[in-house]
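The values are calculated or read from the model by the stated rules, or taken from the named source; none is laboratory data. What you see is a predicted model, and the numbers here were worked out from it, not measured in a lab. Because the Cβ atoms are built from the backbone with ideal geometry, glycine has one as well, and the counts that use them run over all protein chains shown. Just so you know, the surface numbers come from the protein's heavy atoms only, side chains and all, with ligands and any DNA or RNA stripped out. Shrake-Rupley method; radii C 1.70, N 1.55, O 1.52, S 1.80 Å.
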Amino acid sequence: MKKLVSILFAALLTFGALAQESVIPQRLEIVEVEVNDGQGEFEIFTVPKDGVNHFYLSVGTLGIGDEIFQINIDPLNHMYIPLGTSVSESMETLTALQDLFKGDPGDSMTVGGCVSILMPKEELEDVTVTYRRPFITRSLEFTVQRDGYIRSAFIGRSEFNSLVSGLKFYGTIHPNE
């Protein structure tokens, strides 16, 4: 009898837990690339909202400074670039960014993005994406200008290509998204 009562009690507890709605938005990671032994990370993830997946690119933490000198003192704020609501839209956005690597250093384009903690916000601001080629490397610089200072994040070509390949692989596994 004790077993039966305890099993019914446990079933009632789990039933109540299933009926709860989550207030915290979900963030489902698709692909993540770590650099410098975990010091930085770039990722593509989705945030399901109202039955629709919203794909985002996270280019990591931002430095604060000017065009020449950047100090990374803010480990909380990340820059998020919305990619679209499907894998094909996301691939189009990433391909447009990837095409900057084929141009001349200094080529740039403007996309919408946001800087926030943990999750992307609805309010977007202009983010300038510029192709840079310092020394031997190739990278994209994501820049937001605020009140006379610049906040920037850099992503190398190999890391960016890894993110694109990961999203392509995700698209082959989930063709209906």
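Table for the structure above
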read-out: Residues with amide H under 5 Å from that of His54, placed H, sequence gap 5 or more; value: Val47, Lys49
read-out: Selected from Thr46, Gly65, Ser90, residue furthest toward positive end of dipole (the chain; charges at beta carbon); value: Thr46
read-out: Exposed-loop-free span, longest in the chain, where chymotrypsin sites (Phe, Trp or Tyr not before Pro) count as exposed if DSSP calls them loop and at most 12 other C-beta atoms lie within 10 Å; value: 1-68
read-out: All-pairs alpha carbon distance profile, segment 32-120, 10 Å steps from 0, percent; value: 15, 41, 37, 8, 0
read-out: Computed lengthening from Arg146 to Asn77, 0.36 nm per intervening residue step minus Cα-Cα distance; value: 23.4 nm
read-out: Label selected from (1) 1.09; (2) 1.12; (3) 0.98, the criterion being Rg/Rh (Cα atoms, Kirkwood Rh) as computed here; value: (2)
read-out: Percent accessible area from carbon and sulfur atoms, the chain, protein chains only, probe 1.4 Å; value: 56
read-out: Whole-number percent relative contact order across segment 48-177, with pairs defined as alpha carbons under 8 Å at least 6 apart; value: 23
read-out: Rough spin-label spacing in nm, given labels placed 7 Å along Cα→Cβ, for Glu123 and Ile173; value: 3.6
read-out: Interchain or long-range residues, amide H under 5 Å from Asp107's placed H; value: Tyr131
read-out: Å² per residue, accessible surface of segment 56-131 at 1.4 Å; value: 51
